[in-house]
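A quick write-up on the structure given underneath.
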Amino acid sequence: MNTNLRVIDKEDMHRQIVEYSFETTIIHSNQKVLYINQSGAEFLKESKDNIIGANIVGVFTEEYRDYIIERIRKATEERLIGELIETTIYKFDGSTVDVELYCHPIIFGEIEAIQSIVRDITSRRDVERKLKEVMNEVSTPIVPVSQGIAVLPLVGSVDVERANYLLDSIPQKIQDKQLTYLIIDLSGIYNINEAVVDFLYKINAIMKLIGISPICTGIRPELAQKVINICADFTSLKTMSTVQQALNYLKT
């Protein structure tokens, strides 16, 4: 009887510690929710009674579930503290939210369990997204250099997200400039990857469709080798060594 009271006391003590936390706190064992605090229930938009007993894995979106299952296994079997990660979860109303997740093994009463802390990072993601949009806009200037000719200097790295942004924004930026030629200068790109090569082929096709002849410049020898390794047929793109060489060619 005393042992049972001590177990109950331990659980009550743990509940009292986390119940009034502003952060979503979930305790689970064998993927089953044992406890969630009130802040967590309000965040997930469901009553505590309906959340307790649910499968914790079902909260995570499909692309993360295998990873979460393995993470839970390591925490349960090896008693490893889970590193801080960013992931996406479902609320009980069906909406999704980006969160930061931290978890660690605990003893809940006499049960080996895992305590997970969930933080909403939607506002931070929105700020990061807007900042990236501004940086993309600033780093993608169309520079007119003479009648019918403009230069697009690309600087930094190009990933799939930035490549898609460029493909959407460049045609809009040049639509009123009455261009005949667009020089795409890659001398500021420090690494050629599949996203860059794919972007070059697509922007080449788009420019030709709207009556503009693109010329790629600034592909350094070491990057040229990478281009060939990624895609052997690079001959459909018109290339020159430098912007100045391209301008001299267009003026003759």
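The values are calculated or read from the model by the stated rules, or taken from the named source; none is laboratory data. Since the model is a prediction, treat every value here as computed from it, not as a measurement. For neighbour counting, all protein chains shown are included, and Cβ atoms are generated from backbone atoms with ideal geometry for every residue, glycine included. Side chains are part of the model used for accessible areas, which takes the heavy atoms of the whole protein and leaves out ligands, DNA and RNA. Shrake-Rupley method; radii C 1.70, N 1.55, O 1.52, S 1.80 Å.
Could you please find all residues in segment 135-188 being more than 21 Å from the chain's Cα centre (by Cα) and farther than 22 Å from ILE212 by Cα? Hit for segment 135-188 is GLY188, nothing else. Please go through segment 74-85 and give me each residue that is open to solvent by 80 Å² or more (accessible area, probe 1.4 Å) and not aliphatic (A, V, I, L, M), ordered by number. Of everything in segment 74-85, those that are open to solvent by 80 Å² or more (accessible area, probe 1.4 Å) and not aliphatic (A, V, I, L, M) turn out to be LYS74, GLU77, GLU78, ARG79, GLU83. Determine whether segment 142-156 contains at least one residue that is more than 30 Å from ILE56 (Cβ to Cβ), open to solvent by less than 70 Å² (accessible area, probe 1.4 Å) and modelled with pLDDT under 85. Checked segment 142-156: at least one residue is more than 30 Å from ILE56 (Cβ to Cβ), open to solvent by less than 70 Å² (accessible area, probe 1.4 Å) and modelled with pLDDT under 85. Just one of the listed residues (SER169, SER139, SER236) is surrounded by fewer than 20 Cβ atoms within 10 Å (Cβ to Cβ), modelled with pLDDT under 85 and within 27 Å of GLU128 (Cα to Cα), and it is SER139. Just to be sure, is ASN2 open to solvent by 30 Å² or more (accessible area, probe 1.4 Å), modelled with pLDDT of 95 or more and out of contact with any Leu (no Cβ under 9 Å at 6 or more places or on another chain)? For ASN2, the condition - open to solvent by 30 Å² or more (accessible area, probe 1.4 Å), modelled with pLDDT of 95 or more and out of contact with any Leu (no Cβ under 9 Å at 6 or more places or on another chain) - is not met. Contact map, segment 14-29: first residue closer than 19 Å to ILE89 by Cβ, second residue modelled with pLDDT under 65 and open to solvent by 30 Å² or more (accessible area, probe 1.4 Å), Cβ cut-off under 8 Å, separation 6 or more or different chains; pairs are ILE27/HIS14. Take the residues in segment 205-215 that are farther than 14 Å from ASN164 by Cα and under 29 Å from the mean Cα position of the chain (by Cα); name whichever of them is surrounded by the fewest Cβ atoms within 10 Å (Cβ to Cβ). Among those residues, the one meeting the criterion is ALA205. Could you list all residues from segment 86-101 that are in a loop (DSSP other than H, G, I, E, B) and either in contact with a Pro (Cβ under 9 Å, 6 or more places away or on another chain) or open to solvent by 80 Å² or more (accessible area, probe 1.4 Å) (or both)? Across segment 86-101, the qualifying residues are PHE92, ASP93. Scan segment 111-136 for residues that are open to solvent by 30 Å² or more (accessible area, probe 1.4 Å), over 24 Å from GLU63 (Cβ atoms) and modelled with pLDDT of 85 or more and jot them down. Scanning segment 111-136 gives ILE111, GLU112. Tell me yes or no: at least one residue of segment 107-120 is among the hydroxyl-bearing types (Ser, Thr, Tyr) and under 30 Å from GLU161 (Cβ atoms). Yes, segment 107-120 contains a residue that is among the hydroxyl-bearing types (Ser, Thr, Tyr) and under 30 Å from GLU161 (Cβ atoms).
Filter segment 49-72 down to the residues that are open to solvent by 80 Å² or more (accessible area, probe 1.4 Å) and either over 17 Å from ILE36 (Cβ atoms) or not in a strand (DSSP E or B) (or both) and list them by number. If the condition is that a residue be open to solvent by 80 Å² or more (accessible area, probe 1.4 Å) and either over 17 Å from ILE36 (Cβ atoms) or not in a strand (DSSP E or B) (or both), then ASP49, ASN50, GLU62, GLU63, ASP66, TYR67 are the ones that fit. Among the residues of segment 129-143, is any farther than 30 Å from TYR190 by Cα, touching a strand residue (DSSP E or B) at 6+ places or on another chain (Cβ under 9 Å) and of a type in the set (Gly, Ala, Ser)? Scanning segment 129-143 turns up no residue that is farther than 30 Å from TYR190 by Cα, touching a strand residue (DSSP E or B) at 6+ places or on another chain (Cβ under 9 Å) and of a type in the set (Gly, Ala, Ser).
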